[in-house]
Every structure is written in structure tokens, then in C-alpha cells.
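Engineer: The structure is given below, and queries will be raised subsequently.
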Amino acid sequence: MAATLAGQLYTDNVLSAYVRVQRVELPAMTQIFVRNDSDRAWRDVRITLNGIYQYRTDVVVSGGHVMLPVSKFAIRDQQGKPTFAPRNTEPKNLLVATAAGTYEAELRE
């Protein structure tokens, strides 16, 4: 019984991240919402959409969030020039990587 309970309480969400896809009708766009539900700030934050498009920020405070349209995620070339994700990019997965660890989520409606 203890092993069953431990299995039920286990989470691989070491960042205490909350992730949600939010669709907006007018103007038609898809937004990605990521909230820091931990009691510590995240530092050196990299959010990766569908394994290729990234958004970076220095800090997300405890209780803070990032909400971005998919078109704000980008691939950067060697000079740092961004190529932004198309507005109609369908979110499939999201990786939140920080100095303290990572969390990966499959995005479904």
C-alpha cells in the first residue's frame, strides 16, 4: 500500500509549473500560459515550444507567469537573428528549463 500511495503522490514537475494553451477567437491566435507555482523564483528560464521554438527570460518570480502568443517563440540563427513561429503553429509540447530543473508537458485541448 505504501508503494501505491508513493506512486500516486510522485510528480515529475520539480518546478511546480502550471502550463496551459489558451485559444483566442478575435484576433485568432493561440497563447501559451506558464505559471511558477513554486515558492522560489525561476532563473535563466528557457521555454521551448514543439522542440524547436524558444522564448527566454531571466526570471519568473514565485507566483509569476509568462503568457505569450505562439508567434513570440523563435528559432535564432548563429548571429542571434530570430525566425518567429507562424501564428498558426499547433502547440504539441512545451519544455520549461530553468537553473533549478526542467518540466515537460504534452499540450492537449
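Quick note: the coordinates plus some simple rules give every number you see, no bench work behind them. These numbers come from a predicted model, not from an experiment. Note that each Cβ is placed from the backbone with ideal geometry, even for glycine, and that neighbours are counted across all protein chains shown.
Engineer: In whole Å and largest first, what semi-axes does the C-alpha gyration tensor of the chain yield when each eigenvalue is scaled by 5 and square-rooted?
Structural biologist: On the way: eigenvalues 143, 59, 34 Å².
The answer is 27, 17, 13 Å, longest axis first.
Engineer: OK, next. Quick one: which residues, 5+ away or cross-chain, put their amide H under 5 Å from the amide H of Ala100? H built at 1.01 Å from N.
Structural biologist: Arg43
Engineer: Turning to a different aspect of this structure: Grab the DSSP H runs of the chain that are 4 residues or longer, score each as -39,500 (n - 2.57), total them, divide by all residues and round the 222 nm result to the nearest 500 deg cm²/dmol.
Structural biologist: Numbers: 1 runs with 8 residues, N = 109.
Calculated from helices alone, the mean residue ellipticity at 222 nm is -2000 deg cm²/dmol.
Engineer: Moving on to the next point. Would you kindly derive the ³J(HN,Hα) couplings of region 48-56 from the backbone phi angles with the Karplus curve 6.51 cos²θ - 1.76 cosθ + 1.60 (θ = phi - 60°), listing them in order in whole Hz, with x for Gly and Pro?
Structural biologist: The phi angles translate into 10, 9, 6, x, 9, 8, 10, 9, 10 Hz.
Engineer: Quick one: 3J(HN,Hα) in Hz for region 37-45, Karplus 6.51/-1.76/1.60 with θ = phi - 60°, rounded, Gly and Pro as x.
Structural biologist: Each residue of region 37-45 in turn: 8, 7, 8, 10, 5, 8, 10, 6, 8 Hz.
Engineer: Could you derive backbone 3J(HN,Hα) for region 26-33 from the dihedral phi with the Karplus parameters 6.51, -1.76 and 1.60 (θ = phi - 60°), listing whole Hz in sequence and x where the residue is Gly or Pro?
Structural biologist: Result, rounded to whole Hz: 10, x, 5, 7, 10, 10, 10, 10.
Engineer: Another one. Taking the Cα-to-Cβ direction at Val59 and at Phe33 and moving 7 Å from each Cα, how far apart do the two end points lie in nm?
Structural biologist: Taking the two extended label points, one gets 2.4 nm.
Engineer: Contact order normalised by length for the chain, with contacts defined as Cα pairs under 8 Å and 6 or more residues apart; what percent is it?
Structural biologist: Numbers: 226 pairs, mean separation 29.2, N = 109.
So the answer I get is 27 percent.
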